[in-house]
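Below: the structure, in structure tokens.
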Amino acid sequence: CASRCQKFLISRVGEDWIFLILLGLLMALVSWVMDYAIAFCQEAQKWMYGGLDSNMLLQYIAWVTYPVVLITFSAGFTQILAPQAVGSGIPEMKTILRGVVLKEYLTFKTFVAKVIGLTCALGSGMPLGKEGPFVHVASLCAALLSKFMAAVFGGIYMVKMEEPFEGCKNELRNTEMLSAACAVGVGCCFAAPIGGVLFSIEVTSTFFAVRNYWRGFFAATFSAFIFRVLAVWNQEEETITALFKTRFRLDFPFDLQELPAFAILGIACGFGGALFVYLNRLIVECMRKQKTINKFLLRKRLVYPALVTLLVSTLTFPPGFGQFMAGQ
């Protein structure tokens, strides 16, 4: 009976679409659990800060120590368990999608290190985002899910993602699934499947098959839908709503005189992005020239993130400069 049901499911739905449904469901669950844990960590910091309102020095110590501990744990845990999980993971995914084999980048150990390290880093309250890392997380889920599908269906899923591809057909199929995973990674972050598909095109800019549009959009839509349904199930929302609500008029969402302002905003963001890249390059080149500092940081890998976190958390201390950065 199970064999007949399996054959019927494959013949009617197809292996690819079952894979995409499971990928969207898995990533929605991962994103929701991580958001819940991140919110809990951030509320814990506010609770510690509010409970020490009688002494400003203790408030500062609690406000600074909490993110430093979380960031240090995140960096140390990632370095010990799987150094491949360091960074956003987008450059590595671009490399993998261009046919280069990177060992240990799509393994369960890397997945655990990525999820736990990212949760602690975002829960610390530092100005970080999860869009880039979630592209790598989604690709990890796709690689691990392929092993599960291989045990159930066999066939094309027998090819391991982290090993050299065998045959052009299998290589193309796995590339397509990883491209869809990139779309899911962005889609489940912002509940924006169209943005996820556009991002997957950007990541796989050298080659993007037309049939990947439907694969990426289907998986990203399913993931975004489940992600918002989980918010309703957890009573965070009364019904399914947009993650970032807007109040634009439906009849005519913008005025004609606003178009120059949009153009100026785009120009300013373009120059700002170029300035950011330029300054980042200057800092990296300066750091590379300082051989003594580099040797020290290589031996003491946790010092640099701890110092940066200490600086940022000091600047955001609410009674200090933090009172000019945000409302109560």
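The values are calculated or read from the model by the stated rules, or taken from the named source; none is laboratory data. None of the values given here were measured: they were computed from a predicted structure. We place every Cβ from the backbone using ideal geometry, glycine too, and count neighbours over all the protein chains shown.
Tabulated values for the structure
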item	result
Contacts under 6 angstrom Cβ, first residue in segment 54-81 being closer than 18 Å to Ala44 by Cα, partner β-branched (Val, Ile, Thr), 6 or more apart	Pro67/Thr309; Val68/Thr309; Ile71/Thr309
Any hit, segment 63-83, residues being surrounded by 20 or more Cβ atoms within 10 Å (Cβ to Cβ), of a type in the set (Phe, Trp, Tyr) and under 23 Å from Cys182 (Cβ atoms)	no
Options Phe262, Phe296, Phe218; residue that is aromatic (Phe, Trp, Tyr), touching a residue at least 24 places away in the same chain (Cβ under 8 Å) and either part of a helix (DSSP H, G or I) or assigned by TED's automatic domain parsing to the domain that holds Leu29 (or both)	Phe218
Single unsatisfied condition, Thr314 versus (1) of a type in the set (Ser, Thr, Tyr); (2) within 24 Å of Val68 (Cβ to Cβ); (3) not in a helix (DSSP H, G or I)	(3)
Flag if Leu315 is modelled with pLDDT of 85 or more, out of contact with any Asp or Glu (no Cβ under 8 Å at 6 or more places or on another chain) and not small (Gly, Ala, Ser)	yes
Residue check for Gly117: assigned by TED's automatic domain parsing to the domain that holds Phe19, surrounded by 22 or more Cβ atoms within 10 Å (Cβ to Cβ) and farther than 20 Å from Leu178 by Cα	yes
Residues of segment 70-124 satisfying the condition of being small (Gly, Ala, Ser), within 21 Å of Leu310 (Cα to Cα) and part of a helix (DSSP H, G or I)	Ser74, Ala75, Gly76, Gly117, Ala121, Gly123
Within segment 221-240, considering residues that are touching a helix residue (DSSP H, G or I) at 6+ places or on another chain (Cβ under 7 Å) and part of a loop (DSSP other than H, G, I, E, B), the one modelled with the lowest pLDDT	Glu237
In segment 309-328, the residues that are in contact (Cβ under 8 Å) with a residue 24 or more places away in the chain and within 23 Å of Val86 (Cα to Cα)	Thr309, Leu310, Val312, Ser313
In segment 283-304, the residues that are surrounded by 10 or more Cβ atoms within 10 Å (Cβ to Cβ), within 29 Å of the chain's Cα centre (by Cα) and not β-branched (Val, Ile, Thr)	Cys286, Met287, Arg288, Asn294, Leu297, Lys300, Arg301, Leu302, Tyr304
